[in-house]
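What follows is one structure encoded as C-alpha cells, with my remarks underneath.
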Amino acid sequence: MTVLFASDLDQTLIYSRNSMGMEVTEDELIEVERYEGKPLSFMTKKSQSKLWNINESAFFLPVTTRTQAQYERVTGIFEGSQSPRFAVISNGAVILENGQPIKEWSDGIRQQCVSRKTIIRELLPEIERHFSEDWVLKVREADDWFVYLIVDRARFPEDKLDFYTTTFKKLGWGMSLQGRKLYFMPESITKAAAMEYVKERLGASYVFAAGDSLLDLDLLESADYSMLASHGEAVRSAVPVSEHIHQTQKHGIKAGEEILARVAEISLQRK
Ligand SMILES: [Mg+2]
C-alpha cells in the first residue's frame, strides 16, 4: 500500500529564524535555503534525517505556495540532487513532474480561473479600492496566478481581516495572512486538487497531510490523517476542522519534528 505524505513546507517542515521558536540550539539546525547569499530557511538535523528516511515507507510530495523559482531555492528536503518525481507548487496551480511543469494541469487551472474571472487583472483594481492604506508595502504577483501583499504588521488592522475575507470571498478569492504576506488566492487554485491528481497518478491509497495556514486546510481535509502545526494561522483563526486533523503539541521548528515522527509511525504501520 502506498502512503502519500503531502506536506506544506514553510512553517510546517522548514522554518526561518523568525518562525522557528526558542526551543532549538544552533547545533541542531541545518540550512535548507539560501537567498541573496544568506541562509534563509532551516530544518533540524533530526527532521531532515527523518524526512529522508520516510521515502522507505511513504512517498513524499512537497505541496507549497512557493513559485517555481522560490521552490527551487529549497535544497536539502530530498537526499541527493535529483528532482523528486512530483512537487505541487504555486499552491496547486502548477505540478512539477521530474522538475518540469505538467502543462495540461496548469492549462486546466488557467481555464477555470478565466471562466470564474479570478485573474490578477480583475483583482488589482479591487485591491487598490480596499487597500490604499499606508500598511501595504508592496504588491507582488506570483507567476500570473495569484497576488500577495507585503504588509506592515504593526499597522495592519487585524480587526478588519474578517471583513476583507468576506469581501474577497464573494469575488472568488481566498485570503491568507502569513507573517508579512497577505495572499489572495483564486478559489480554483487549491492544494487538495493537485494532491488528488498526484495521488491518482501514483495509485496511492492513503494520504497523510501536514500544514499550518488557511491555504493548507483543503489539503488537510481531503487527506486520511492530517497534522496542523499549532503555531500557525489556521489554529489562530479557529476555523472548525474535521476529526482526522490533529494539532501538534509542539510549536515552531519542533512541530516539524513531531509531524515527521508521526508520519514515520503511521506509514510503517500501514506498510
Ligand atoms: Mg506554511
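Nothing in this text is a laboratory measurement; each read-out follows from the coordinates by a stated rule. Since the model is a prediction, treat every value here as computed from it, not as a measurement. FYI the Cβ positions are ideal-geometry reconstructions off the backbone, even for glycines, and counts take in every protein chain you see.
Okay, here's what the table says:
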{"item": "Karplus-derived HN-Hα couplings along segment 20-32 (A = 6.51, B = -1.76, C = 1.60, θ = phi - 60°), whole Hz, x at Gly and Pro", "result": "6, x, 9, 7, 9, 9, 4, 4, 7, 8, 9, 6, 10"}
{"item": "Within a Gaussian network of the chain (alpha carbon springs, distance under 10 Å), most fluctuating of 214, 124, 260", "result": "124"}
{"item": "Ranked list, fewest to most other Cβ atoms within 10 Å of each Cβ, for 151, 239, 207", "result": "239, 151, 207"}
{"item": "Distance between modelled label sites at residue 196 and residue 224, nm, 7 Å Cα→Cβ extension", "result": "1.8 nm"}
{"item": "Whole-number percent relative contact order across the chain, with pairs defined as alpha carbons under 8 Å at least 6 apart", "result": "24 percent"}
{"item": "Those aspartates and glutamates that a straight Cα-Cα span of less than 16 Å connects to residue 46, excepting residues fewer than 8 apart in one chain", "result": "23, 26, 27, 28, 31, 79, 257, 258, 265"}
{"item": "Rounded to 10°, Cα long-axis angle of helix 120-130 versus longest principal axis of the chain", "result": "60 degrees"}
{"item": "Residue order, fewest to most beta carbons within 10 Å, for 212, 162, 10", "result": "162, 10, 212"}
{"item": "Other-chain or far-sequence residues with amide H under 5 Å of residue 29's (modelled H)", "result": "45"}
{"item": "Tilt relative to the chain, helix 103-115 - C-alpha long axis, 0 to 90 degrees, to 10", "result": "30 degrees"}
{"item": "Ranked packing of 220-233, 27-40, most packed first, by mean Cβ within 10 Å", "result": "220-233, 27-40"}
{"item": "For segment 182-194, Karplus couplings with θ = phi - 60° (6.51, -1.76, 1.60), whole Hz, Gly/Pro x", "result": "10, 8, 10, 10, x, 5, 7, 9, 10, 5, 4, 4, 5"}
{"item": "Exposure proxy order (Cβ contacts within 10 Å, fewest to most) of 105, 135, 173", "result": "135, 105, 173"}
{"item": "Around residue 38: net Lys/Arg minus Asp/Glu count, Cβ-Cβ under 14 Å", "result": "0"}
{"item": "Residue-averaged 222 nm ellipticity for the chain, from DSSP H runs of 4+ at -39500 (n - 2.57), nearest 500", "result": "-9500 deg cm²/dmol"}
{"item": "Per-peptide average of other Cβ atoms within 10 Å, ordering 187-198, 48-59 highest first", "result": "187-198, 48-59"}
{"item": "Angle between the chain longest axis and helix 253-270 axis [Cα atoms, degrees, rounded to 10]", "result": "60 degrees"}
{"item": "Amide proton proximity set for residue 42, modelled H, under 5 Å, gap of 5+", "result": "15, 16, 32"}
